[in-house]
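The values are calculated or read from the model by the stated rules, or taken from the named source; none is laboratory data. Since this is a predicted model, take the numbers as computed values, not measurements. Note that each Cβ is placed from the backbone with ideal geometry, even for glycine, and that neighbours are counted across all protein chains shown. Remember, those area values only see protein heavy atoms, side chains included, never the ligands or the DNA or RNA. Shrake-Rupley method; radii C 1.70, N 1.55, O 1.52, S 1.80 Å.
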Amino acid sequence: LFSQELESFAAFGQATINLTDTFRLTGGLRWTRDEKTNGSFTRTVNNVAARPLAPADETTLGLEQKAEAVNWLLSAQVDVSPDVMLFATASTGFKSGGFNSEPGASSRVFNEENATTYELGLKSTLANGDVTANVTLFQTEIDDFQERQFAGLGFVVDNAGSLRQRGV
């Protein structure tokens with residue numbers, strides 16, 4: 001049996017400023033607070049025949065996970081022509097931590113994950129609107145990556161360190 005209480009609060013805003021007819025900047029901020037409290041986990045094996053094969057009985061009470069983050073976005077866009085737009089964006093993201101309820105977890109608690117993403121791209125409409133051609137180069141850097149792993153009966157989440165994703 002697993003249970004928890006969650007309170008999540010967020011406030012955000014975004015604005016775009018047109019510096020010229022063809023160049024604009026967009027900025028945004030988001031504040032998030034997640035509180036997971038009263039987490040409890042109880043496992044009892046009642047079948048005597050299954051006890052040698054089953055994980056031991058366990059009771060874990062009072063699990064808590066609190067996290068707060070301010071994330072941002074900054075983007076610049078330029079219209080090269082009425083049909084072609086170039087952009088560059090940098091932004092951050094956040095995913096709160098939580099609790100594992102499956103047997104085999106190295107820890108009942110895992111921490112939040114934070115990411116920073118960079119993008120360069122082009123969006124276009126060609127051939128009188130018959131063709132759309134878009135391309136984006138991106139890189140995302142993640143700290144405390146939340147990795148899901150199969151642990152016998154189900155999945156558990158652990159923080160697996162940092163990683164970088166790149167692509168087109």
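From the list A15, A69, A10, the lone residue that is touching a residue at least 40 places away in the same chain (Cβ under 8 Å), in a strand (DSSP E or B) and of a type outside the set (K, R) is A69.
Looking across the stretch 36-59, just one residue is on the phi < 0 side of the Ramachandran plot, part of a strand (DSSP E or B) and open to solvent by 80 Å² or more (accessible area, probe 1.4 Å), and that is T59. The set of residues in the stretch 101-119 being open to solvent by 40 Å² or more (accessible area, probe 1.4 Å) and under 21 Å from the mean Cα position of the chain (by Cα) consists of S101, S107, V109, N111, E112, N114, Y118, E119. Contact map, the stretch 152-165: residues that are assigned to a strand (DSSP E or B) paired with residues that are among the hydrophobic types (A, V, I, L, M, F, W, C) and open to solvent by 30 Å² or more (accessible area, probe 1.4 Å), Cβ distance under 8 Å, separation 6+ or inter-chain. Pairs shown: N159/F145; L163/F145; Q165/F138. Could you tell me whether R33 is surrounded by fewer than 17 Cβ atoms within 10 Å (Cβ to Cβ), over 30 Å from N134 (Cα atoms) and at pLDDT below 95? No: the conditions fail for R33.
Out of the residues in the stretch 136-168 that are touching a Gly at 6+ places or on another chain (Cβ under 6 Å) and loosely packed, with under 14 Cβ neighbours inside 10 Å, which is farthest from F94 (Cα to Cα)? Looking at residues that are touching a Gly at 6+ places or on another chain (Cβ under 6 Å) and loosely packed, with under 14 Cβ neighbours inside 10 Å, I get G152.
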